[in-house]
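S.K.: First, the structure itself, so that you have it in front of you.
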Amino acid sequence: MNSFSPYHSTPTDVFLKRFRSWKRQYLHIIIYTSLFWIFVDVFFIMLFSDCTKEIILPCQSSSLSSLLANNNNSGIIEPIIPIRRRKYPNRTLYNSQTSNAITKTSRIINKWWENQSGATNPPSWHGEGGRAVVIPAELQEQSKKRFIENQFNILASDLMALNRSIKDQRSSKCLAHKFPSDLPTTSIVIVFHNEGNSTLLRTLTSIIIRSPIQYIHEIIMVDDASINREYLKDTLDAFTKELPVPVHILRNNDRLGLMKSRLRGAEIAKGDTLTFLDAHIECSPGWLEYLLYEVKKDRTAVVCPIIDVINDNDFGYYTGSDMTWGGFNWRLNFRWYPVPQREEVRRNGDHSLPLLSPTMAGGLFTINREYFYEIGAYDPGMEVWGGENLEMSFRVWQCGGRVLIHPCSHVGHVFRKQTPYTFPGGTGTVIFHNNKRLVEVWLDKYKDFIYAIMPELKRVQAGDVSERLALRDRLKCKDFQWYLENIYPETSLPINFHHVGAIRTEPMSCLTLHNVFGSQKGNRTATLNIETCLDRTESPINAAYQIVIYSKKGEIRFDDLCFEGSVNSVVKLQKCTEGNQKQIWNYNNETKLMKHVNSNQCLTVDEKKDNGKVNVGPCVEGNHAQQRWYLERSVIT
């Protein structure tokens with residue numbers, strides 16, 4: 001064969017062919033390897049960057065506004081709910097179209113509740129650190145329209161992470177508290193009705209990530225017949241299955257209301273204690289241990305956290321005061337009042353020790369489960385909501401227990417200006433019914449005073465209270481006078497008094513108050529006038545505003561407002577203040593003069609002006625009809 005044949009390959013040709021083949025393979029390896037790492041980089045950028053914060057992985061170029069726009073148009077718009085790990089901002093949608101999102105992405109988010117050391121959400125995220133949410137301009141109109149759904153800004157809630165960070169509210173003294181390892185377990189009971197999706201899931205999230213879960217025996221959720229909220233069904237079920245504690249969801253076929261729903265949840269509870277929480281809260285770090293510890297020390301203690309304020313419009317988180325406690329006014333409305341000096345003395349000024357509070361707000365508290373039933377649970381004759389917190393407070397104190405507020409335990413609560421829910425028969429009817437029951441069972445002779453102030457309550461039917469009266473007898477409970485004198489001596493109800501009733505002048509005109517009931521924000525424009533005396537039988541509602549207390553302290557007061565005077569001036573109604581000499585009066589039963597101690601002048605009707613005002617003016621010797629006052633029509637003796 002010709003050695004120069006084109007079909008003959010020399011060793012050099014073979015080498016070159018092999019080299020070119022190897023070079024192509026090498027280039028392929030480089031190309032494929034590079035592409036592989038490019039795809040890995042893109043995946044991790046998508047996974048761990050904020051581009052995924054509004055969608056299910058993998059990342060798409062959707063915006064929140066477009067997602068909202070594309071949502072269903074069948075009434076209630078189902079919220080877009082983020083799930084974020086402590087360190088990485090991966091989210092998922094939570095609506096009816098993506099109810100299986102947790103299952104599909106469980107390998108990524110199945111331990112989202114675990115705190116990673118030093119891990120935080122990016123501070124730029126909405127609401128982080130408890131900051132107020134600023135609604136984007138393109139969503140502001142929609143946020144206003146949807147406010148009515150829950151009577152809070154659900155879009156502001158949707159924009160926040162479920163695990164949004166809030167500051168640790170505890171003081172250094174609180175942080176120094178040590179707890180035994182054998183704290184009692186608790187069953188957390190949450191009742192909800194048509195609750196917003198993101199607020200409810202944030203409630204659950206905050207419980208898990210800010211609690212030692214070894215003490216949470218279970219979470220029991222009671223759906224009180226929610227309607228038109230599909231996300232409260234399969235989506236909620238899917239979410240709760242991922243939690244590291246057992247969750248039981250009970251669903252009422254008919255609306256039962258708060259108390260009866262809580263009773264239904266408590267019936268299946270197995271924890272050592274019961275912890276009742278509302279459905280739109282955020283637990284702060286360390287909230288649970290302090291409550292459990294107080295119940296461990298005293299099984300008759302009913303322990304409440306400090307209730308921090310979550311703004312209903314922008315979801316800003318604001319620390320509640322540890323210098324207020326629970327009380328109530330003449331119309332049996334729960335109110336927050338300043339902690340008195342005697343309680344400061346009892347605690348030796350240590351604000352890491354619990355307050356002994358006359359009443360509790362009722363939405364958030366922990367109680368020994370067995371004691372809850374021993375003490376009478378909730379009154380089953382009460383309906384829906386309202387009055388149960390005062391009824392339980394009176395019952396616990398009068399029957400040997402204690403109501404505590406622990407300043408080291410903080411739970412944020414979305415405070416709404418009005419309820420979005422309907423009440424069978426109307427809100428007023430339900431609350432009056434409940435108040436009538438607590439008055440008849442627990443207030444003894446003070447019910448006559450309450451009926452004089454709230455005559456409409458007297459006409460309401462309380463239902464059968466015989467079982468509750470039997471409970472009181474069986475528990476050997478103390479009377480209401482004991483409660484006021486020993487637990488709540490700061491009350492505005494009459495304890496030590498000269499007179500409770502009307503104060504009139506000779507021409508049959510009585511001291512009359514207007515605009516005395518309202519909010520606690522100090523925006524009341526209460527006024528005092530002299531007007532025709534009214535008969536309580538013929539005009540019971542208006543006559544109620546002619547009832548005042550002349551106390552043995554020298555105060556003339558209506559609820560928490562006192563007559564305050566100064567030299568030659570109109571008498572004003574101001575908040576009663578201990579030790580305020582401008583609010584002290586001295587009545588002479590012989591001369592009928594009501595002398596203002598600080599000015600040494602007398603309570604006077606201004607006869608020169610036909611304006612019905614009452615003044616402080618120079619005392620006139622002899623019979624002067626404009627300065628003679630008669631204490632009449634006593635309500636209680």
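S.K.: Give the shape of the range 497-632 as rounded, prolate or oblate, defined through the alpha-carbon gyration tensor: a ≥ b ≥ c are the square roots of its eigenvalues, a/c under 1.5 means rounded, and otherwise the shape is prolate if a/b is larger than b/c and oblate if not.
M.R.: Working: a/c = 1.44, a/b = 1.12, b/c = 1.28.
Because its axes are fairly even, with a/c under 1.5, the range 497-632 counts as rounded.
S.K.: Assuming R0 = 56 Å, what is the FRET efficiency of Thr419 and Glu538, from their Cβ-Cβ distance, to the nearest 0.05? Write down the numbers at each step before the final one.
M.R.: Details: r = 34 Å, r/R0 = 0.61.
About 0.95, to the nearest 0.05.
S.K.: Using alpha carbons only, how many angstrom separate the centre of the range 555-628 from the centre of the range 170-188?
M.R.: 53
S.K.: May I ask you to derive the relative contact order of the range 514-625, considering only C-alpha pairs under 8 Å and at least 6 residues apart, and to give it as an integer percent?
M.R.: 20
S.K.: Assuming R0 = 45 Å, can you tell me the calculated FRET efficiency for the pair Glu267 and Ser321, based on Cβ-Cβ distance, to the nearest 0.05?
M.R.: The pair Glu267/Ser321 has a calculated efficiency of 0.80.
S.K.: Hey, what's the Cα Rg ratio for the range 379-472 versus the globular rule of thumb, 2.2 N^0.38 Å? Can you show the working numbers first?
M.R.: Working: Rg = 15.1 Å, N = 94, 2.2 N^0.38 = 12.4 Å.
Relative to the rule-of-thumb radius for its length, the range 379-472 sits at 1.22.
S.K.: While we're here: Find out how many positive minus negative residues lie around Gly554, taking Lys and Arg as positive, Asp and Glu as negative, among other residues whose Cβ is under 14 Å from that of Gly554.
M.R.: Around Gly554, the surrounding residues sum to +2.
S.K.: At 7 Å along Cα-to-Cβ for each site, give me the label-to-label distance between Asp350 and Ser569 in nm.
M.R.: Result for the modelled spin labels: 4.3 nm.
S.K.: Taking 0.36 nm per residue of sequence separation and subtracting the Cα-Cα distance, how much length would be gained by fully extending the chain between Asn333 and Lys144, in nm to one decimal?
M.R.: Net length gain for the segment: 65.1 nm.
S.K.: Taking θ as phi - 60°, what are the ³J(HN,Hα) couplings along the range 124-131 by the Karplus curve (6.51, -1.76, 1.60), each to the nearest whole Hz, with x for Gly and Pro?
M.R.: After applying 6.51 cos²θ - 1.76 cosθ + 1.60, I find 7, 5, 4, x, 4, x, x, 5 Hz.
S.K.: Given bins 10 angstrom wide, list per bin the percent of all Cα-Cα distances in the range 263-397, short to long.
M.R.: Computed distribution, short to long bins: 10, 39, 38, 12, 0.
S.K.: Now for a different question. Calculate, in nm to one decimal, what Lys173 and Ala137 gain on full extension: separation in residues at 0.36 nm each, minus their alpha carbon distance. Present the calculation step by step, with values, prior to reporting the outcome.
M.R.: Values: separation 36, 0.36 × 36 = 12.96 nm, distance 4.35 nm.
Additional length available on full extension: 8.6 nm.
S.K.: With a/c under 1.5 counting as rounded, go ahead and sort the range 427-486 into rounded, prolate or oblate using the C-alpha gyration tensor (a ≥ b ≥ c being the square roots of the eigenvalues; past the cut-off, prolate if a/b is larger than b/c, else oblate).
M.R.: Cα axes put the range 427-486 in the oblate bin.
S.K.: Contour minus end-to-end for Asp448 and Asn228, with contour as 0.36 nm per residue of separation and end-to-end as the Cα-Cα distance?
M.R.: Separation in residues times 0.36 nm, less the Cα-Cα distance, equals 74.7 nm.
S.K.: Beyond a 21 Å Cα-Cα separation, which of these cross-linked pairs lie in this structure: Lys436/Lys575; Lys553/Lys595; Lys552/Lys575; Lys572/Lys613?
M.R.: Those over the limit are Lys436/Lys575.
S.K.: Further question on the same structure: Does the range 453-502 come out rounded, prolate or oblate, given a ≥ b ≥ c as the square roots of the eigenvalues of its C-alpha gyration tensor, rounded meaning a/c under 1.5 and, failing that, prolate meaning a/b above b/c? Spell out each step's value before the answer.
M.R.: On the way: a/c = 3.22, a/b = 1.22, b/c = 2.65.
The shape class here is oblate.
S.K.: Moving to a separate point now. Take every Cα pair under 8 Å in the range 172-414 that's 6+ residues apart, average their separations, divide by the length, and report that relative contact order as a whole percent.
M.R.: RCO, the range 172-414: 26 percent.
S.K.: Any idea how far the Cα center of the range 444-506 sits from the one of the range 320-343, in Å?
M.R.: Cα centres, the range 444-506 to the range 320-343: 19 Å.
Readers should treat all values here as calculations from the given coordinates under stated rules, not as data from a laboratory. Worth saying up front: this structure is predicted, and the values here are computed from it rather than measured. Cβ sites come from the backbone with ideal geometry, for glycine too, and all protein chains shown count toward neighbours.
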